[in-house]
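A.B. asks: What follows is a structure written as structure tokens; I'll ask about it next.
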Amino acid sequence: MSEKVLLSCKVNGESVNWEIDAHQNLLRVLRDHAVYDVKCGCEEGDCGTCSVLIDGVATKSCITLAAACSGHEIWTCKGLGYHDKLVRRLQDAFVECGSVQCGFCTPGMIVAGTEYLTQGGKPDRAAIRVAISGNLCRCTGYVKIVDAIYKVAKEIEEGVLA
């Protein structure tokens, strides 16, 4: 029988107190609690499809011990889209630029793009490629994903998106 611990944190702006297995990863805990926009890909920290923001930092939830997240703020792609104008714009840009094909990598890419933009990322294609380098996409070849993040970074730089 696994040792149980209490995970007290915020998930998508809501305070949660979940009893979890002490050794469970954050990906499994989120999905066990119906947070399904966090996708399960490789479960080894390679693909980035399970990325979430923890205190503003893109983090691969499959290799993050859930119990270590107590007291922290966790945001998923879906939660961010409901609460953050910049992320909503980034999500729209993904659609406008054709950055979504099968869609499996999209939540992780949005999270990586959000971290890049909120940390002052500029419209620099090379820097954007570095920012999303922890995420794998099998469909798009990354060009359209970079285009979407670039587009929003350009809008921020031009003052169109405040």
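A.B. asks: Would you kindly derive the ³J(HN,Hα) couplings of region 89-99 from the backbone phi angles with the Karplus curve 6.51 cos²θ - 1.76 cosθ + 1.60 (θ = phi - 60°), listing them in order in whole Hz, with x for Gly and Pro?
C.D. replies: 5, 5, 4, 5, 5, 4, 5, 4, 8, x, 7
A.B. asks: Moving on to the next point. For K151, which lysines qualify as cross-link partners when the Cα separation must be under 28 Å and same-chain residues fewer than eight apart are set aside?
C.D. replies: K39, K60, K78, K85, K122
A.B. asks: Going by how many other Cβ atoms sit within 10 Å of their own, how do K10, K122 line up, fewest first?
C.D. replies: K122, K10
A.B. asks: Please work out how much length the chain gains when fully extended from D21 to D92, using 0.36 nm per residue of separation minus the C-alpha to C-alpha distance, in nm with one decimal.
C.D. replies: 21.9 nm
A.B. asks: Given a Förster radius of 30 Å and the C-beta distance between D55 and V130 as r, what FRET efficiency does 1/(1 + (r/R0)^6) yield to the nearest 0.05?
C.D. replies: 0.90
A.B. asks: Using helices alone, what [θ] at 222 nm do you get for the chain, with -39,500 (n - 2.57) per DSSP H run of 4 or more residues, divided over all residues and rounded to the nearest 500?
C.D. replies: -11000 deg cm²/dmol
A.B. asks: Another question, if that's okay. Taking amide H atoms as placed 1.01 Å from N in the peptide plane, list the residues 5 or more away in sequence, or in a different chain, whose amide H sits under 5 Å from that of S51.
C.D. replies: S61, G108
Read-outs: derived from the displayed coordinates by stated rules, not from any lab. Since this is a predicted model, take the numbers as computed values, not measurements. Positions of Cβ are backbone-derived with ideal geometry, glycine not excepted, and every protein chain shown enters the neighbour counts.
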